[in-house]
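Chemist: There's a structure below that I have some questions on.
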2 protein chains.
Amino acid sequence: MRDGNATHTTTGPANGSGRAAAREAMRERILDAALTLLARDGFAGFGVNAVAREAGCDKVLIYRYFNGFDGLLDSLGARLDIWLGPEDSDGVSGHYGSVMRSVLQDYLRALRANNLVKQILAWELVQDDDATRRIGKAKGDAIGRWFQGVRQRSGPPPAGSDAAVLNAVLIAAAHHLALRENSSGDFMGLDLRDPNCWARIEAVFNTIITGAYGAPDGTEDPP
Amino acid sequence: MRDGNATHTTTGPANGSGRAAAREAMRERILDAALTLLARDGFAGFGVNAVAREAGCDKVLIYRYFNGFDGLLDSLGARLDIWLGPEDSDGVSGHYGSVMRSVLQDYLRALRANNLVKQILAWELVQDDDATRRIGKAKGDAIGRWFQGVRQRSGPPPAGSDAAVLNAVLIAAAHHLALRENSSGDFMGLDLRDPNCWARIEAVFNTIITGAYGAPDGTEDPP
DNA sequence: TTTATAAGTCACCGGATGGTGACAGTCAAT
DNA sequence: ATTGACTGTCACCATCCGGTGACTTATAAA
């Protein structure tokens, strides 16, 4: 349905001007507005009217270009390939615990700096309709991509450790603390607005990983 | 402002009938309806109209009895003294790690069984107005009460461990996983609807606590 | 018994939402 | 140049929201 105008633009101007270019520019403007709005105000009040208002156009264009709000969310998910930015810890390899420490630290810092991902994480916790399932699918794949390289760069995790569950527990804690940083700003007496607090959190993460997967100098955990 | 009718009911019928009893009964019905609605449908669409519809009365009573929706939330917070039920691990005492293991396990199970608390936790992550701050204050106090007895029953945590941050990390993970159980039902490939999955999660929690605080037989963590 | 106060019901207001139809301007193909 | 399809704008609809005033009925005090 997207190439409904292909019969006319095949011989038209290549790019930069013309109707097809204007249409594509407006599509991009709407998508940008939706991302900006979602990252800034969250999904409360996130709808056709708000996106159109942010984009400075009429909401009828959303229905014409994206087939309504659901279609806009689909196109939005396809645009969310960036998510958490470049994987900084791609170069690290070696001991499983070392790689995991590095990946988790980079992930936590990238997550805290990315308001859009935080808003979508919170959105998934509240809504469970197909709208969030569409977006959440793309996000889950991106997060998996962050951690799927750990095995390749480090070999399998030490035997006897439930690595899948332990990693999930650590990331779950990272998610929750990052979300609380944006909402109330504190959690169980911890001041999540204080950078020093996050240094302590990272230290605890490192301690847990070291205790489970051993130190980088070959010291495994005791049986 | 609540005892505005005290001048008339001091000599009236003690209880069971009369206008004051009817008013109190209707107040309770509204509060019950609000709790039921919040636990069932969450805070999406949680408002004056929805509560009145659930209670089967007119919404003007909410304004007359509670001074609007904010007052209703206040009265709701005062009613949330139960929260997570009885502290089952009150009897456990001894080693810090043992007490912590028991308390965290009971807390996780009580949290998973309590839909109302889960909804409020999710609500806090999204909204940050004074409405949720009021409710969240009572909740934070109740959670603190769960864990404040650990020190009394076990003495201080082992030196060198950042117990405050570690406990916060574990509870943050418990919160996030419990919330994902209700929303999408999975997290990083883990099937949170499978009871066996939760057994593995509890095992990982135990492993982490044992690694940080030592085993109950006096084995401390290596320096 | 009379009367003032309260309970409960109904209708309304302004504003916001999602969604649609009608209209004027504009570009491209004929 | 004429025609037709498309873009963008405006107005409108039904529905929901929070909030308020007016009204009828029942209770409790005088």
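The values are calculated or read from the model by the stated rules, or taken from the named source; none is laboratory data. Keep in mind it's a predicted model, so treat the numbers as computed, not measured. We place every Cβ from the backbone using ideal geometry, glycine too, and count neighbours over all the protein chains shown. Heavy atoms of the whole protein, side chains included, go into the accessibility calculation; ligands, DNA and RNA do not. Shrake-Rupley method; radii C 1.70, N 1.55, O 1.52, S 1.80 Å.
Chemist: Within the range B:52-67, can you find the residues that are open to solvent by 60 Å² or more (accessible area, probe 1.4 Å), touching a helix residue (DSSP H, G or I) at 6+ places or on another chain (Cβ under 6 Å) and more than 8 Å from DNA strand D (Cβ to nearest atom)?
Modeler: B:E54
Chemist: Which of the numbered conditions does B:R193 fail, given that it passes all the others? Conditions: (1) closer than 24 Å to A:A164 by Cβ; (2) open to solvent by 20 Å² or more (accessible area, probe 1.4 Å); (3) facing chain A (nearest Cβ under 7 Å).
Modeler: Exception for B:R193: condition (3).
Chemist: I need the helices (runs of 4 or more DSSP H) fully contained in the range B:58-133, keeping only those with at least 2 residues that are modelled with pLDDT under 85.
Modeler: By residue number, B:68-79.
Chemist: Here's another thing I want to ask about it. Only one of (1) under 28 Å from A:A122 (Cβ atoms); (2) touching a helix residue (DSSP H, G or I) at 6+ places or on another chain (Cβ under 6 Å); (3) not assigned by TED's automatic domain parsing to the domain that holds B:S154 is not met by B:R29, so which one is it?
Modeler: The single condition B:R29 does not satisfy is (1).
Chemist: So in the range B:154-169, with the set limited to residues that are in a helix (DSSP H, G or I) and either under 20 Å from the mean Cα position of the chain (by Cα) or not hydroxyl-bearing (S, T, Y) (or both), which one is surrounded by the fewest Cβ atoms within 10 Å (Cβ to Cβ)?
Modeler: The extreme case among them is B:A164.
Chemist: Kindly check whether there is at least one residue in the range A:121-134 that is more than 8 Å from every other protein chain (Cβ to nearest Cβ), farther than 19 Å from B:H176 by Cα and open to solvent by less than 20 Å² (accessible area, probe 1.4 Å).
Modeler: Taking every residue of the range A:121-134 in turn, at least one turns out to be more than 8 Å from every other protein chain (Cβ to nearest Cβ), farther than 19 Å from B:H176 by Cα and open to solvent by less than 20 Å² (accessible area, probe 1.4 Å).
Chemist: Do you know which of the residues in the range B:140-153 that are buried (at least 16 other Cβ atoms within 10 Å of the Cβ) and away from chain A (no Cβ under 11 Å) is farthest from B:A44 (Cα to Cα)?
Modeler: B:R153
Chemist: To continue, here is another question. Could you tell me whether B:K137 is open to solvent by 20 Å² or more (accessible area, probe 1.4 Å) and either in the same structural domain as B:I208 (by TED's automatic domain parsing) or modelled with pLDDT under 90 (or both)?
Modeler: When the stated conditions are applied, B:K137 passes them.
Chemist: Another question about this same structure. Just a yes or no: is a residue in the range B:174-187 farther than 24 Å from A:A178 by Cα and surrounded by 15 or more Cβ atoms within 10 Å (Cβ to Cβ)?
Modeler: no
Chemist: Tell me which residues, restricted to the range B:196-209, are at the interface with chain A (Cβ under 7 Å from one of its Cβ atoms) and among the charged types (D, E, K, R).
Modeler: Scanning the range B:196-209 gives a single hit, B:R200.
Chemist: Please identify the pairs in which a residue from the range B:154-167 that is over 10 Å from B:A212 (Cα atoms) has its Cβ atom under 9 Å from the Cβ atom of a residue that is of a type in the set (S, T, N, Q), counting only partners at least 6 apart or on another chain.
Modeler: Listed pairs, sorted by first residue: B:S154/B:S93; B:S154/B:S98.
Chemist: In the range A:70-79, what residues are within 16 Å of DNA strand D (Cβ to nearest atom) and either in contact with a Gly (Cβ under 6 Å, 6 or more places away or on another chain) or more than 15 Å from A:R29 (Cα to Cα) (or both)?
Modeler: A:G71
Chemist: Could you tell me whether the range B:72-84 includes any residue that is within 16 Å of DNA strand C (Cβ to nearest atom) and more than 12 Å from chain A (Cβ to nearest Cβ)?
Modeler: For the range B:72-84, residues within 16 Å of DNA strand C (Cβ to nearest atom) and more than 12 Å from chain A (Cβ to nearest Cβ): present.
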